[in-house]
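One structure is given below, encoded as structure tokens.
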Amino acid sequence: MPRAPASLRLLVNGEVRTLPAPATVADLVRELGLQPAQVAVERNQQLVRRAEQSTTPLADGDRLEVVTFFGGG
Amino acid sequence: MPIRAAAAAPRRLHLVLATPLIDDLRVTPTVDPPLVLGKHTFTSRLFLGTGKYPSMESMVAALAASGTQCVTVAVRRMQLGAPQGKTLLDYLPRERYALLPNTAGCFDAEHAIRTAMLGRELGISEMVKLEVLGDPDTLLPDPVGTLEAAKALVKDGFTVLCYTSDDPVLARRLEDAGVTAVMPAGAPIGSGQGILNPNNIRIILERAKVPVIVDAGVGTASDVTIAFELGAVGVLLNTGVALAQDPVRMARAMKAAAEAGRDAFLAGRIPKKLYATASSPTTGIIAGE
């Protein structure tokens, strides 16, 4: 059985980031220094609801989008 | 046509006249019921964007001057590593403004649907301004992608306010798909060209059973008035205010224009005629030669 990697290589908003394994989406949000209420997160093009962020594990190679509101029309 | 229904006790206006005998004449203006979109009720019929203002302060002041109760916002990537200062939401008190997240910048249905989902998560609001664009230069909507995304979002419980071209057939298709409002463009986004094809807007208005909001193209106050005079129940604009030399003053002008146009529509304009009809009596004219 292959061992889980000690760290996770993630693509967050198009940038490579590493996070110690294991980690959840909530861990990532905290690591980025963001307020959970101010962001919405997509993991591999699937929305991760706020209530589920702390129970959604991250996997090596995950692509994440962390978004918020900006001015727009 | 519920537009003339008296929804609340009519306000009484005192008409000031020079003649003492009718000095106490009171007139009852038509009461305009609020605009209902999904779970939301708006007494202001202006929808303002929050982009492109010279500063947050001018945006805040312009929104207040416009009287809007609903503002559009864009969903974009968080700038990671940047110091976390005030966010847009800190300037938009929720008790004052309903948030209308948009899907601006999405060029296919799937992208727009994902963006709408993220916006709903951020805004805790089921409203979305759906836009699926078909061309980066004109920013004209992609009709096929727009319809596809509209169907999916309606099914998922969104209150879809749908940006579309001024095509009456597509407007009907979107209505059939269950959108809450159709929002035909007066002119391309940010172009300030006004309402280029009022006839198409009229046809959409005559046939639509859902609210029609003119979205995009507003350059100045008279464009807003024309939209309301045609019968639009709302107007959504951004650039016309945000990039005006004085955004706050322009916002105030837009508010007055909206009220003027809506009142003129409710009042019922006279038909246009080719020949003159005298306003003064045509009899009793003193003798000539």
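The values are calculated or read from the model by the stated rules, or taken from the named source; none is laboratory data. Given the structure is predicted, the values throughout are model-derived calculations rather than measurements. A quick note on method: Cβ atoms are made from the backbone with ideal geometry, for glycine too, and the neighbour counts reach across all protein chains shown.
Does A:Q53 count as in contact with a helix residue (DSSP H, G or I) (Cβ under 9 Å, 6 or more places away or on another chain), surrounded by fewer than 18 Cβ atoms within 10 Å (Cβ to Cβ) and farther than 24 Å from B:T72 by Cβ? So that I can check it myself, show each step before the final result.
Details: in contact with a helix residue (DSSP H, G or I) (Cβ under 9 Å, 6 or more places away or on another chain): yes; surrounded by fewer than 18 Cβ atoms within 10 Å (Cβ to Cβ): no; farther than 24 Å from B:T72 by Cβ: yes.
No.
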(request) Please work out if B:P168 is more than 13 Å from every other protein chain (Cβ to nearest Cβ), of a type outside the set (A, V, I, L, M, F, W, C) and closer than 30 Å to A:V16 by Cα. (result) no
(request) List the number of the failed condition for B:L37; all other conditions in (1) under 23 Å from B:A112 (Cα atoms); (2) within 12 Å of chain A (Cβ to nearest Cβ); (3) modelled with pLDDT of 95 or more; (4) crowded, with 16+ Cβ neighbours inside 10 Å hold. (result) (2)
(message) Among the residues in region B:108-120, are any in a loop (DSSP other than H, G, I, E, B) and either touching a strand residue (DSSP E or B) at 6+ places or on another chain (Cβ under 9 Å) or more than 11 Å from every other protein chain (Cβ to nearest Cβ) (or both)?
(response) yes
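Answer yes or no as to whether A:Q45 is at pLDDT below 95, farther than 25 Å from A:A6 by Cβ and at the interface with chain B (Cβ under 10 Å from one of its Cβ atoms). First the steps, then the outcome.
Numbers: at pLDDT below 95: no; farther than 25 Å from A:A6 by Cβ: yes; at the interface with chain B (Cβ under 10 Å from one of its Cβ atoms): yes.
The answer is no for A:Q45.
Those residues that are closer than 15 Å to B:G123 by Cα and not hydroxyl-bearing (S, T, Y), I need them from region A:43-73; list them, please. Reasoning before the result, please.
As a first pass, look at region A:43-73 and keep what is closer than 15 Å to B:G123 by Cα: A:47-51, A:66-72.
The answer is A:L47, A:V48, A:R49, A:R50, A:A51, A:V66, A:V67, A:F69, A:F70, A:G71, A:G72.
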(message) For region A:15-42, give me each residue that is within 25 Å of B:T72 (Cα to Cα), of a type in the set (G, A, S) and modelled with pLDDT of 95 or more.
(response) A:A40
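Could you pull out the residue among B:L92, B:L80 that is at the interface with chain A (Cβ under 9 Å from one of its Cβ atoms) and surrounded by 17 or more Cβ atoms within 10 Å (Cβ to Cβ)?
Working: B:L80 fails: surrounded by 17 or more Cβ atoms within 10 Å (Cβ to Cβ).
Matching residue, one of B:L92, B:L80: B:L92.
Using the structure shown, decide if A:L28 is in contact (Cβ under 8 Å) with a residue 24 or more places away in the chain, assigned to a helix (DSSP H, G or I) and buried (at least 18 other Cβ atoms within 10 Å of the Cβ). Don't jump to the end; show me each part of the working.
Details: in contact (Cβ under 8 Å) with a residue 24 or more places away in the chain: yes; assigned to a helix (DSSP H, G or I): yes; buried (at least 18 other Cβ atoms within 10 Å of the Cβ): yes.
For A:L28, the condition - in contact (Cβ under 8 Å) with a residue 24 or more places away in the chain, assigned to a helix (DSSP H, G or I) and buried (at least 18 other Cβ atoms within 10 Å of the Cβ) - is met.
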(message) With the requirement that a residue be on the phi < 0 side of the Ramachandran plot and surrounded by 23 or more Cβ atoms within 10 Å (Cβ to Cβ), what does region B:203-224 give you?
(response) B:I204, B:V212, B:I213, B:V214, B:D215, B:V218, B:D223, B:V224
(request) Mind telling me which of the residues B:P101, B:P143, B:P184 ends up being closer than 21 Å to B:H40 by Cα and away from chain A (no Cβ under 14 Å)? (result) B:P184
(message) So, A:D60, is that one at pLDDT 95 or above and part of a loop (DSSP other than H, G, I, E, B) or not?
(response) yes
(request) Could you look through region B:235-249, keep only residues that are of a type outside the set (S, T, N, Q) and part of a loop (DSSP other than H, G, I, E, B), and pick out the one that is farthest from the other protein chains (Cβ to nearest Cβ)? (result) B:D246
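What's the total number of residues in region B:151-173 that are aliphatic (A, V, I, L, M) and either surrounded by fewer than 20 Cβ atoms within 10 Å (Cβ to Cβ) or farther than 17 Å from B:K209 by Cα (or both)?
Keep residues of region B:151-173 that are aliphatic (A, V, I, L, M), which gives B:152-154, B:160-161, B:169-171.
Filter again for either surrounded by fewer than 20 Cβ atoms within 10 Å (Cβ to Cβ) or farther than 17 Å from B:K209 by Cα (or both), leaving B:152-154, B:169.
Number of matching residues: 4.
Is it the case that region B:174-184 has a residue that's closer than 17 Å to B:A216 by Cβ and surrounded by fewer than 24 Cβ atoms within 10 Å (Cβ to Cβ)?
The first filter runs over region B:174-184 and keeps only residues closer than 17 Å to B:A216 by Cβ, leaving B:174, B:179, B:181-184.
Checking the rest, the ones that are also surrounded by fewer than 24 Cβ atoms within 10 Å (Cβ to Cβ) come to none.
Checking region B:174-184: not a single residue is closer than 17 Å to B:A216 by Cβ and surrounded by fewer than 24 Cβ atoms within 10 Å (Cβ to Cβ).
Suppose we keep only residues that are assigned to a strand (DSSP E or B) and in contact (Cβ under 8 Å) with a residue 12 or more places away in the chain within region A:6-16. Which one would you say is nearest to the other protein chains (Cβ to nearest Cβ)? First the steps, then the outcome.
Applying the first criterion (assigned to a strand (DSSP E or B)) to region A:6-16 yields A:7-12, A:15-16.
Now narrow it down to the ones that are in contact (Cβ under 8 Å) with a residue 12 or more places away in the chain: A:7-12.
Details: A:S7: 18, A:L8: 16, A:R9: 16, A:L10: 11, A:L11: 12, A:V12: 7 Å.
Ranking the candidates gives A:V12 first.
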